[in-house]
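K.L.:
One structure coming up, written as C-alpha cells, with questions to follow.
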Amino acid sequence: MATEPSSNARLSFDGKTKPQLPLDPTALYSFGHLIRGAEEALLDLFSKGQLSGTTHTCLGQELCQMSVVRALNHENDAVFSNHRNHGHFLTYSGDFEGLFAEIMGRKAGVCGGHGGSQHLAFRGFHSSGVQGGMTAIAVGHALARKHDRDGSIVSVIIGDGTLGQGLVYESLNLAAVWDVPILFVIENNRIAQTTPTETTTAGSLTERGAAFGIQTWRLSDDAPDFFEGAQRAVDAVRNSGSPGFLVIDTMRLGPHSKGDDLRGDAEMDAIRERDPLMRLGDLLPATERQAIEQHNAAFLKSATERAMQSPPARFDTVPHHPFGRNVPVPAGTERYEGTVRQALNAALHRILDDRPEAIVLGEDLHDPYGGAFKVTEQLTNTFPDRALSTPISEAGIIGAGIGLAMAGKRPLVEVMFADFLSLGMDQIYNHAVKFPPLFDDVDVPLVIRAACGGGRGYGATHSQTPESLCASVPGLTVVYGSHRHDMGQLLENAVCNWEHPTVFFEHKLLYSRPNGSEGLAVLPANVSDPASQLFPTLHNERHDPDVTIIAYGGMVPLVEEVAEQLERDEEISVEVVLPSLVAPLPRNTLVDALTSRARIVIVEESPTEFGVGAEIAATLAENGISGQILRVGAPSVPIPSARSLEEQVLPDRDRLIAEILDMF
C-alpha cells in the first residue's frame, strides 16, 4: 500500500483512493516527480535484468498524463488507457507498489502478474496494448453510463500515432451518433514509435473531432493554465452529457519502449529544455523542492523493495480454459414455438422484457425492416432505447458490446453476415476474451449473433461459416445450433446464463424450418465439459449403430436426409449426433458416447483443413477410439456465387452417401 511521501507536499494517497491533487505547484510537482521517479526506477530495473518483457514510460509527459485523470471522479468515472499508461494509472490509483510488482511479474501485482506493463486494471481503470483497441470499448461503456443516468463520464486516452487506426473513427462516429458522455484524449507526442507524426498523419488533429460534430479543445502541457483547461474539458463533457475531443501537445523524453529512439541530440536537447515538470519544479523554493525529491526517492525505494518481497506469480494449477464450472440448465424453461426465425425473435423479446440490462446492437435492425433476416422484427418499436440500429461498423459495435458488458450490461450484437466477423476479430481476439483472465474485476458476457452459411448463391464473402476461425480463439464460446435444437432457448442461455464472450451462429437456410423438432434425445453431458448442459448435444438413440454421423448447424438437414436414405435403402443403422456447442468442444461428452463406435463420420460445411472436424477427430483418436473416422466438408476454396458451382463445393447428399458407403 502506498503511503504519504512527504509531509511538505500537501499530497496524500493510500493506494485505494484517488490521490488528492489540488491545483497548486507543490502538489502537482510532488506527484509528477513521483511518476518520473517510478519510470526511471523501472528502466533501471530493466537495465539490471530484474524485469522482463517491455515497458513504455511517460518521461516528459507526466503532467500531460496527470491532467485529465486528475480531473475525473475516480469513484464513478472510467478511464480506458493504452500501452503508455503508467502516469494515468498512478494518478488514478496511487498504487506504486502494485505497479512495480505487476511489471516485476510478482503475485502482489495489481493484476497478479497477468497483465504486465501494458494491461493494468484498478476499479474503473483499464488499459490495453493494442493501438486504438479501447476506443470502441470506451464508447460502449459510455453508452451504459448514459443509460444509467448516473452523471459519470468515460475518458479514453490514445497517442497521435493511433490516429491511423480505422477503429478510432468508427468510435468517434458512434460516440456522436449515440451522444454519449466520453472524452477522447489524444496525447500528441509528435512521434509514433520512431516515425514523426507529420510523415504519417494528414490534416488537422482537432478537426478530426470537429468533423463528427464533437466539441473540441487543444492544450499544451507546458501552458500556465494547462490543468485548468483539462478540468474545463472534463466538466464540459459531464455537464453536456455529450462527447468531447481533447488534443494535448506534449513531448516524450524517453524512447518508445526501452531503447528504440532515433531522435538526434539537438532535438532531445530542445525537449529537455521544454520539460514541463522541471519548469514546474523551478517555481518552488529550492529547499522545498529538495525535500520533496528526497522524500519521493525514499518512498519509491521502499515501494520497490516491498514489491520485490512478493513471490513470483504462479498458477496453483495451470488452467485448461477460462470457463470455470459447468452451468446447469435453469429449471422451468419452456420450448419456443414456430420457426427458427420466430423462436429467435421471441427469445430476443423475452430477453429484453425480462432483463433490463440487455441491449441489442446491429445494422438495419430498425422497424419496419427488422434486420436483414427479420429476426429482430419489432424490437426497435418495443424497446427504442435498448435496440439500436447502428452504422456499418462491425469492429465498432463489437467493441461497444464489450464496453457495455464491462459496465454490467447484457449486450447482443448482430453481425449481419458471419463473413464480416473478420472486421471485428481484433476486438474479439485481443480484448473480449483477454480481459477476464487478465483483469480480476471484469466479465464480458457478450453475445455476437451472426447469420452464416451457403446455399443461397450469395458468393464468396456472404456465404461462409467461420466457426473454425472462431473456435481457435482461446476463451471464446462458439454456439452453432440447428433447427433440431431449441434455438430460442440456446440464445436465451447464451445471453442470460453464460458469463463469457460468445459467437452465436445461425444458418440462413434454417430460419424457415420448424424450431426444436421432436424425436431426438439429449446426449448425457459430461459435467467436466463447460457449458455442455446449457448448449446440449442431441442424438437419435441407436444401439450399436453401423455408422455414427456427427454434424452441427446447417449440415443437420443434409445429414438427417442421408441417414434416412441409408437406413431405408442400404439397411445401415445410422446414429446421428448433433452438438450445438463447437467451443469449448464437449469432448468428454462425445468420448463417453462414442467409445465403441466402429465408423464415425464428421460433416461440416466449412473447409475440412484445420477445421472443427479435425479437432473432433483428434479428440476421439487421442482417447483410444479405434474405429474408422471420416471427415466430409468443403475444399479450401472460396464459395462460388453460381448455384451450379456452389453445389459442387459444398457437401451434398450423393457425395456424402458415396463416401459413407466406401467405409464399408
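The values are calculated or read from the model by the stated rules, or taken from the named source; none is laboratory data. Note that the structure is a prediction, hence the values are computed from the model and not measured. In this analysis, Cβ positions are derived from the backbone assuming ideal geometry, glycine residues included, and neighbour counts consider all displayed protein chains. The accessibility values were calculated without ligands, DNA or RNA, using every heavy atom of the protein model including side chains. Shrake-Rupley method; radii C 1.70, N 1.55, O 1.52, S 1.80 Å.
K.L.:
Quick one: how many Å² of residue 267 are accessible to a 1.4 Å probe, rounded to 10?
P.N.:
Its heavy atoms expose roughly 90 Å² to the probe.
K.L.:
Once you charge only the Cβ atoms, +1 for Lys and Arg and -1 for Asp and Glu, what is the size of the charge dipole of the chain about its Cα centre, to the nearest 20 debye?
P.N.:
That gives the chain a dipole magnitude of about 1200 debye.
K.L.:
What angle, in degrees between 0 and 90 and rounded to the nearest 10, separates the Cα long axis of helix 134-148 from the longest principal axis of the Cα atoms of the chain?
P.N.:
90
K.L.:
Return one whole number: the accessible area per residue of segment 352-454 in Å², for a 1.4 Å probe.
P.N.:
For segment 352-454, the per-residue accessible area is 31 Å².
K.L.:
Based solely on its DSSP helices, what 222 nm [θ] is calculated for the chain when runs of n ≥ 4 H residues each add -39,500 (n - 2.57) and the sum is averaged over all residues, nearest 500 deg cm²/dmol?
P.N.:
Estimated from H runs of four or more residues: -11000 deg cm²/dmol.
K.L.:
Further, regarding this structure: Going from the alpha-carbon gyration tensor of segment 249-382, what semi-axes, largest first and in whole Å, does one get by taking the root of 5 times each eigenvalue?
P.N.:
59, 27, 18
K.L.:
Quote to one decimal, in nm, the extra length available between residue 653 and residue 565 on full extension: 0.36 nm per residue of separation minus the C-alpha distance between them.
P.N.:
30.7 nm
K.L.:
Roughly to the nearest percent, how much of the accessible area of the chain is carbon and sulfur, given a 1.4 Å probe?
P.N.:
Summing carbon and sulfur atoms, their accessible area is 49 percent of the total for the chain.
K.L.:
If you don't mind, another one. Would you kindly find the accessible area of residue 458, with a 1.4 Å probe and non-protein molecules such as ligands, DNA and RNA excluded, rounding to the nearest 10 Å²?
P.N.:
Using a 1.4 Å probe on the heavy atoms, I get roughly 90 Å².
K.L.:
Express the C-alpha Rg of segment 458-612 as a ratio against the empirical globular expectation 2.2 N^0.38 Å, rounded to two decimals.
P.N.:
1.01
K.L.:
Considering only DSSP states other than H, G, I, E and B, which trypsin sites (Lys or Arg not before Pro) in segment 54-156 qualify as loop sites with at most 10 other Cβ atoms within 10 Å?
P.N.:
149
K.L.:
Another question about this same structure. If you roll a 1.4 Å probe over the heavy atoms of the protein chains, what accessible area per residue do you get for segment 544-664, in Å²?
P.N.:
Heavy-atom accessible area per residue stands at 42 Å².
K.L.:
With the cut-off at 1.5 for a/c, could you classify segment 383-448 from its C-alpha gyration tensor as rounded, prolate or oblate?
P.N.:
In terms of gyration-tensor shape, oblate.
K.L.:
Find how many whole Å separate the alpha carbon centroid of segment 168-231 from the alpha carbon centroid of segment 463-492.
P.N.:
One Cα centre to the other: 39 Å.
K.L.:
For segment 515-598, what does the convex hull of the Cα positions come to per residue, in cubic angstrom?
P.N.:
Convex hull of Cα atoms, per residue: 93 Å³.
K.L.:
May I ask for the Kirkwood hydrodynamic radius of the chain, worked out over all distinct Cα pairs and given in angstroms to one decimal?
P.N.:
With all distinct Cα pairs of the chain included, I get 27.0 Å.
K.L.:
Provide the gained length on full extension for the span residue 206 to residue 273, in nm with one decimal, where the gain is 0.36 nm per separating residue minus the Cα-Cα distance.
P.N.:
21.5 nm
K.L.:
Right, another one. If you take the square roots of the eigenvalues of the alpha-carbon gyration tensor of segment 148-297 and sort them as a ≥ b ≥ c, do you get rounded (a/c under 1.5), prolate (a/b over b/c) or oblate?
P.N.:
oblate
K.L.:
Long-range amide H contacts for residue 244: which residues qualify at under 5 Å (H placed 1.01 Å from N, peptide plane, sequence gap of 5 or more or a different chain)?
P.N.:
Close amide H contacts, sequence-distant or interchain: 182, 183, 184.
K.L.:
Quick one: angle between helix 487-496 and the longest Cα principal axis of the chain, in degrees between 0 and 90, rounded to 10, please.
P.N.:
20
K.L.:
Ok, one more. What order do you get for 177-183, 154-160 when each peptide is scored by the mean count of other beta carbon atoms within 10 Å, highest first?
P.N.:
Sorting 177-183, 154-160 by mean packing, highest first, produces 154-160, 177-183.
K.L.:
Pull out a ≥ b ≥ c, the square roots of the eigenvalues of the alpha-carbon gyration tensor of segment 324-438, then state rounded if a/c is under 1.5, prolate if not and a/b is larger than b/c, and oblate in the remaining case.
P.N.:
Here segment 324-438 falls in the oblate category.
K.L.:
Can you list the residues, at least 5 places off or on another chain, whose amide H is less than 5 Å from the amide H of residue 537, using H built in the peptide plane?
P.N.:
For residue 537, whose amide H was placed from the backbone, the distant partners under 5 Å are 523, 580.
K.L.:
Shifting gears a bit: Nearest 10 degrees, 0 to 90: what angle lies between the long axis of helix 25-47 and the longest principal axis of the chain (Cα atoms)?
P.N.:
It is inclined by approximately 60 degrees.
K.L.:
With every protein chain in place, what's the accessible area of residue 80 (1.4 Å probe, Å², nearest 10)?
P.N.:
Counting only protein heavy atoms, residue 80 exposes about 0 Å² to solvent.
K.L.:
Could you state the accessible area per residue of segment 134-288 in Å², with a 1.4 Å probe and every protein chain left in place?
P.N.:
41
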